[in-house]
Amino acid sequence: MIKYYKDEEIQNRVRRVVDQRSLSYIDPNRVVCFKSKGTKSKRIIARCWSLPTIWQKALEVDAHYVIEVISEKFDRLSEEQKDHVILHELLHIPKGFGGGLRHHKQLKNALEKLR
C-alpha cells in the first residue's frame with residue numbers, strides 16, 4: 001500500500017527552483033509537495049497532479065497542484081538530479097496555472113526556452 005507524507009524539504013526545493021528558473025507564473029503556495037513510499041512502479045521518479053476545473057468550482061478554490069516524489073527512486077538521486085526532476089514536474093504546469101497539465105511532448109519546448 002502506498003503511503004503519502006507532506007514533505008517540507010521538497011516544498012523548499014520547489015520554491016528554490018521556481019525562483020532560480022524565473023517560473024513566475026507558478027505560485028509555490030499552491031503547489032503542495034508529498035513524498036510517497038510503497039509504489040510498485042518501476043520507472044516513475046515523480047508525478048505532477050492537478051486539481052481539475054470542475055473540482056475547483058465544486059470546492060470553490062483556486063487551482064492547486066501536487067508534486068509527488070517516489071521516495072524509493074528520488075532519495076537516491078544527487079542534489080542536481082533532484083532539482084532536475086522537480087523542474088521537470090513543474091514544467092507540467094501550464095502558464096495559465098488553471099488546473100490543466102502539459103503533456104511530455106509540450107515539455108520539450110518549455111525546456112528549450114529555459115536554456
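The values are calculated or read from the model by the stated rules, or taken from the named source; none is laboratory data. What you are looking at is a predicted structure, and each value in this text was computed from that prediction instead of being measured. With ideal geometry, Cβ positions are generated from the backbone for all residues, glycine too; neighbour counts draw on all protein chains shown.
Working carefully through the options Ile44, Ile67, find the one that is of a type in the set (Val, Ile, Thr) and farther than 12 Å from Ile10 by Cα.
Ile44
Can you name the condition, by its number, that Gln20 falls short on among (1) surrounded by 12 or more Cβ atoms within 10 Å (Cβ to Cβ); (2) closer than 21 Å to Ser78 by Cα?
Looking at each condition in turn, Gln20 falls short on (1).
Against the conditions (1) more than 18 Å from Asp7 (Cβ to Cβ); (2) part of a helix (DSSP H, G or I); (3) acidic (Asp, Glu), where does Asp62 fall short? Just the number, please.
Evaluating Asp62 over (1) more than 18 Å from Asp7 (Cβ to Cβ); (2) part of a helix (DSSP H, G or I); (3) acidic (Asp, Glu) leaves (2) as the failure.
Yes/no matrix, rows are residues, columns are (1) in a helix (DSSP H, G or I); (2) among the charged types (D, E, K, R); (3) in contact with a helix residue (DSSP H, G or I) (Cβ under 8 Å, 6 or more places away or on another chain):
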{"residue": "Val18", "(1), (2), (3)": "yes, no, yes"}
{"residue": "Cys33", "(1), (2), (3)": "no, no, yes"}
{"residue": "Val66", "(1), (2), (3)": "no, no, no"}
{"residue": "Glu80", "(1), (2), (3)": "yes, yes, no"}
{"residue": "Phe97", "(1), (2), (3)": "no, no, yes"}
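Examine the range 50-69 for a residue that is touching a strand residue (DSSP E or B) at 6+ places or on another chain (Cβ under 9 Å) and loosely packed, with under 15 Cβ neighbours inside 10 Å, and state whether such a residue exists.
Checking the range 50-69: not a single residue is touching a strand residue (DSSP E or B) at 6+ places or on another chain (Cβ under 9 Å) and loosely packed, with under 15 Cβ neighbours inside 10 Å.
Out of all the residues in the range 36-85, which are modelled with pLDDT of 95 or more, of a type in the set (Ser, Thr, Tyr) and under 20 Å from Ile26 (Cβ atoms)?
Ser50, Tyr65
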